[in-house]
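The values are calculated or read from the model by the stated rules, or taken from the named source; none is laboratory data. Small disclaimer: the values here were computed from a predicted structure and weren't measured. Heads up, the Cβs are rebuilt from the backbone with ideal geometry, glycines too, and the neighbour counts pull from every protein chain shown.
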Amino acid sequence: MRKIMMMIMVALMMVSMVVSPAFGEVVIKPGNGGEVDHSNTPSVPFPGTGGTVSKPTQPVDNSIKIIVNGTKLNPDVAPFIDTAGRTQAPFRAIGEALGCKVTWNADTQKVICERDGFKVEMVIGQKSFIVNGESKTMDTAPVIKDGRTFIPVRFLGEALNCNVAWDATTNTVTISSK
């Protein structure tokens, strides 16, 4: 009952924000992570700025892009950066793009990725993982988010003997087989 009441309250708050936002009219585009549409936003200076107003000249793209062996992935769920500062991406999308046999064991919550003599095993919530029978440690752990299994991209890529690079200016992870 408490969960239902909380959902109703959140829905009412969202509707009231769309109908009459607290700080002027701001239009938020649905389905893009809450990007603000500045074309209809009034120019009101922020207090303490001396009356200056600036609007972005173009929208900022904060989405994370993943390139595997020169091909941009378009997973059905977006990668994200976790609290450890690591890029987490959908396990199956990354594994299959790298040409791996991917396996999910729901009973043990283990993901297994196999390719060219490499076998990588990761368990949801655990920072330790196994590469070809040898235990290794990460500074983060695989997670389940919105019903999907996400893995730390760098650790899987490097465990499969790939080069992994991060470009902070474009929010792009590049993985290339050696």
Inset, instruction - Please give the number of the condition V164 fails out of (1) in a strand (DSSP E or B); (2) touching a residue at least 40 places away in the same chain (Cβ under 8 Å); (3) more than 14 Å from the chain's Cα centre (by Cα); (4) buried (at least 16 other Cβ atoms within 10 Å of the Cβ). - result: (2)
Inset, instruction - Answer yes or no as to whether T137 is in contact with a helix residue (DSSP H, G or I) (Cβ under 6 Å, 6 or more places away or on another chain), more than 21 Å from N171 (Cβ to Cβ) and either modelled with pLDDT of 90 or more or aromatic (F, W, Y) (or both). - result: no
Legend entry - Filter result for the condition that a residue is surrounded by fewer than 16 Cβ atoms within 10 Å (Cβ to Cβ), of a type in the set (G, A, S) and within 24 Å of K72 (Cα to Cα), over G95, G133, G125, G85: G85
Inset, instruction - Of all residues in the stretch 115-126, count the ones that are in a loop (DSSP other than H, G, I, E, B) and in contact with a strand residue (DSSP E or B) (Cβ under 6 Å, 6 or more places away or on another chain). - result: 1
Legend entry - All positions within the stretch 94-132 that are among the small types (G, A, S) and either modelled with pLDDT under 95 or not assigned by TED's automatic domain parsing to the domain that holds D82 (or both): G95, A97, G99, A106, G117
Legend entry - Of the criteria (1) surrounded by 13 or more Cβ atoms within 10 Å (Cβ to Cβ); (2) in contact with an Asp or Glu (Cβ under 9 Å, 6 or more places away or on another chain), which one F118 fails: (2)
Inset, instruction - With the checklist (1) aliphatic (A, V, I, L, M); (2) without any contact (Cβ under 8 Å) to a residue 12 or more places away in the chain; (3) assigned to a loop (DSSP other than H, G, I, E, B) in hand, flag the one item I112 doesn't pass. - result: (3)
Inset, instruction - Could you tell me whether any residue of the stretch 143-154 is assigned to a loop (DSSP other than H, G, I, E, B) and either touching a Lys or Arg at 6+ places or on another chain (Cβ under 8 Å) or surrounded by fewer than 12 Cβ atoms within 10 Å (Cβ to Cβ) (or both)? - result: yes
